[in-house]
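Since the structure comes first, as structure tokens, the remarks are kept for the end.
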Amino acid sequence: MVTKVAGDRQGIQSIEVGFRLLKVMSAANRPMMLRDIAKGAGMPAAKAHRYMVSFMRTGLVEQDSASGRYDLGAYALELGLSGLGRLDPVRLAGPILDNLCEEIHETVALAVWGSFGATIVRIVDAGGPVTITLRPGTVLPLTKSATGRAFAAFYRSPSLRQKLEEEVENSAQQSKAAVTTVRRQMEKVLDEIRQHGISRATGSLTPGINGFSAPVYDHSGSMVAAITSLGAIGEFDVEWDSKVATTMLAAAAELSKRLGYAAEDNRPN
């Protein structure tokens, strides 16, 4: 049983103050100058700098030697992945991912929705000739990756809607197209994904790589994870009724069932 710490219990104030800086950095999702971090945390830059020195020593923060900007360090990522790893879908997915990799002979992965978006938390590498540049902690885009599209189609979150709109606007700016046009195109893609219950991407994120991603649901019918498979174009069949797609849907359905989801076809009503 987890108990709430009473507000009048004595703690270590300096730790609480220091974590204000980490919260500012986490919310920004980009490297920041010291003055901006200090301003966001409401403290003088000189005081913030002393905390940064200690955070760098522990690996929570790192500093780019060229720009002088600070970003969250390797240990911060390790802590985040450890927290995500305590989720039931992550613990239960191991054997299912192993079996799926053996059955379809492709690299497979599990993703959950983290602070920065659709985040890879576990990978099973098929060991093929094509190297898949994916690792735990990778955050995938919502519009271009199979994993991101699965979350965009089935996951419900205000933060997701905001990130999706930002990506749509960026895409429109880069392609010099109207935002409404890009938004309609994305809505058409998501409608097709919902129709089939699985998402796909054909070389849109990584040239030469195709992918499928199937949503995983918990006992309440909410999407909590995505099972993704990746393979080389020409060898990875991305037809909606392909063996890879049907096998992935079955794997996602099995994990959903273990999480208490009762639907027969693994799709929300």
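The values are calculated or read from the model by the stated rules, or taken from the named source; none is laboratory data. None of the values given here were measured: they were computed from a predicted structure. Note that we place each Cβ from the backbone using ideal geometry, even for glycine, and neighbour counts take in every protein chain shown. Accessible surface areas use protein heavy atoms only, side chains included; no ligands, DNA or RNA. Shrake-Rupley method; radii C 1.70, N 1.55, O 1.52, S 1.80 Å.
Summary of computed values
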| item | result |
| --- | --- |
| Hey, Glu106 out of contact with any helix residue (DSSP H, G or I) (no Cβ under 9 Å at 6 or more places or on another chain), at pLDDT 90 or above, over 20 Å from His219 (Cα atoms) and charged (D, E, K, R) or not | no |
| The range 124-141, subset open to solvent by 50 Å² or more (accessible area, probe 1.4 Å) and aliphatic (A, V, I, L, M), residue modelled with the highest pLDDT | Val139 |
| Restricting the range 142-169 to residues that are open to solvent by 80 Å² or more (accessible area, probe 1.4 Å) and without any contact (Cβ under 8 Å) to a residue 60 or more places away in the chain, the residue that is nearest to Ser220 (Cα to Cα) | Pro158 |
| Residue satisfying all of: in the range 202-222; open to solvent by 10 Å² or more (accessible area, probe 1.4 Å), within 17 Å of Phe154 (Cα to Cα) and under 19 Å from the mean Cα position of the chain (by Cα); modelled with the highest pLDDT among these | Ser222 |
| Residue tally, condition touching a strand residue (DSSP E or B) at 6+ places or on another chain (Cβ under 8 Å) and open to solvent by less than 50 Å² (accessible area, probe 1.4 Å), over the range 52-70 | 5 |
| Per-region count, the range 14-48, residues part of a helix (DSSP H, G or I), open to solvent by 80 Å² or more (accessible area, probe 1.4 Å) and more than 22 Å from Leu79 (Cα to Cα) | 2 |
| Residue satisfying all of: in the range 86-103; open to solvent by 30 Å² or more (accessible area, probe 1.4 Å) and assigned to a helix (DSSP H, G or I); modelled with the lowest pLDDT among these | Asp88 |
| Residue under evaluation Lys176, criteria (1) more than 22 Å from Gly208 (Cα to Cα); (2) open to solvent by 20 Å² or more (accessible area, probe 1.4 Å); (3) in contact with a strand residue (DSSP E or B) (Cβ under 6 Å, 6 or more places away or on another chain), criterion not met | (3) |
| Sole residue being at pLDDT 85 or above, out of contact with any helix residue (DSSP H, G or I) (no Cβ under 7 Å at 6 or more places or on another chain), under 17 Å from Ser115 (Cβ atoms) and not polar (S, T, N, Q), chosen from Lys23, Lys39 | Lys23 |
